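A short worksheet on the structure shown next.
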Amino acid sequence: TGLIKRETTKAIHAIMNFVLVFILSASFIAYAPDYIKKINDFSSDISNASLSLGTKIVMPHSDSQGKDSVDLIRDSLFSIQVQQPWLLLQYNSSDIESIGIDRVESLLSTSPDSNNGEDREKIVAEEIEDRSNTNLT
């Protein structure tokens, strides 16, 4: 009789464990979008806090006070991945100060679609002829 009681107790524990795991799994699956959203919000808050703290430590007295650290990283990535390679291809230099901000701004601010592209072609022709910029075509 002791053996039967022991086996019955083990069977009841196994069934209870199965039911408990099943209920927990089903509830997690049913509410997974809510859980994932909460975890994502928490992770985003931690990331923003660490980026803000890192920005304050690295650049404590810069002119970027009040800007979001994510915006600073976005601006830095844009400069590294888009602006500097474009300047290098168009002007053979990535230093906007040595090129001249007015030259770069005149090319960037002129739409290639306005006036059937003639305004932009005029600026490019001026760059090629007056400034001997052979990178532009």
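The values are calculated or read from the model by the stated rules, or taken from the named source; none is laboratory data. Since this is a predicted model, take the numbers as computed values, not measurements. A quick note on method: Cβ atoms are made from the backbone with ideal geometry, for glycine too, and the neighbour counts reach across all protein chains shown.
Whether any residue in the stretch 77-94 is at pLDDT 80 or above and in contact with a Pro (Cβ under 9 Å, 6 or more places away or on another chain) is what I want to check. Scanning the stretch 77-94, I find at least one residue that is at pLDDT 80 or above and in contact with a Pro (Cβ under 9 Å, 6 or more places away or on another chain), so the answer is yes.
Is it the case that the stretch 4-25 has a residue that's surrounded by fewer than 10 Cβ atoms within 10 Å (Cβ to Cβ), part of a helix (DSSP H, G or I) and at pLDDT below 90?
Yes, the stretch 4-25 has at least one match.
The residue pairs whose first member lies in the stretch 61-74 and is at pLDDT below 70, whose second member is not in a helix (DSSP H, G or I), and whose beta carbons are closer than 6 Å, counting only pairs six or more residues apart or on different chains, do not exist in this structure. Looking only at the stretch 26-61, residues that are of a type in the set (Asp, Glu) and surrounded by 10 or more Cβ atoms within 10 Å (Cβ to Cβ) come to 2 in all. Mind checking which pairs have a first residue in the stretch 96-109 that is under 17 Å from residue 134 (Cβ atoms) and a second that is surrounded by 12 or more Cβ atoms within 10 Å (Cβ to Cβ) and among the charged types (D, E, K, R), Cβ under 8 Å, 6 or more apart or different chains? Hits for this filter: 103/127; 103/131; 107/120; 107/127.
Cβ-Cβ contacts under 9 Å between residues 6 or more apart (or on different chains), taken from a first residue in the stretch 118-137 that is within 15 Å of residue 92 (Cβ to Cβ) to a second residue that is among the basic types (Lys, Arg), are listed as 127/103; 131/103; 133/103.
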